[in-house]
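Asks: My questions will all concern the structure given below.
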Amino acid sequence: MPKIQVYFGNIQPRAGQCSIKRDRFKQIISREIIIDNYHWAQDAWVLRKATVWHELGHCVLMRGHEPGGSLSYMAEYFGQPSEIDDLEFIGANEIILDNELFK
Ligand SMILES: [Zn+2]
């Protein structure tokens, strides 16, 4: 399995981004996660974790987005400009969320 490059960059308005490149045989040749500098600097730790787990969900587990409001780190709003109070939502559901992706 190819390694994942993880680094900081400027990708506003997103908080994180996963890119998977494949060759012409659809085999994965590279995977990278970019974490947005601005969000990282501003966000509380639980939001930082949610961003990283969300992107790992894409890049490692090949998960897509769940509908907004789902009790999932893969809810579509994670890594996107926030429309709900992510901090409160995650804080209240952190144990459930943590068990969802990587046990
Ligand atoms: Zn996403």
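Asks: Checking LEU71 against (1) modelled with pLDDT under 90; (2) closer than 17 Å to PHE102 by Cβ; (3) within 11 Å of the ligand (Cβ to nearest atom), which test does it fail?
Replies: Exception for LEU71: condition (3).
Asks: Please work out which residue is nearest to the ligand (Cβ to nearest atom), limiting yourself to the range 1-40 and to residues that are of a type in the set (Gly, Ala, Ser) and part of a strand (DSSP E or B).
Replies: Of the range 1-40, the ones of a type in the set (Gly, Ala, Ser) are 9, 15-16, 19, 30.
Now narrow it down to the ones that are part of a strand (DSSP E or B): 9, 16, 19, 30.
On the way: GLY9: 16, GLY16: 7, SER19: 11, SER30: 18 Å.
Taking the candidates together, the pick is GLY16.
Asks: When LEU61 is evaluated against the numbered criteria (1) under 21 Å from PHE89 (Cα atoms); (2) surrounded by fewer than 16 Cβ atoms within 10 Å (Cβ to Cβ); (3) touching a residue at least 40 places away in the same chain (Cβ under 8 Å), which criterion, by number, is the only one it fails?
Replies: Among (1) under 21 Å from PHE89 (Cα atoms); (2) surrounded by fewer than 16 Cβ atoms within 10 Å (Cβ to Cβ); (3) touching a residue at least 40 places away in the same chain (Cβ under 8 Å), the lone unmet condition for LEU61 is (1).
The values are calculated or read from the model by the stated rules, or taken from the named source; none is laboratory data. All values reported here derive from a predicted model rather than from experimental measurement. Backbone-built Cβ (ideal geometry, glycine too); neighbour counts: all protein chains shown.
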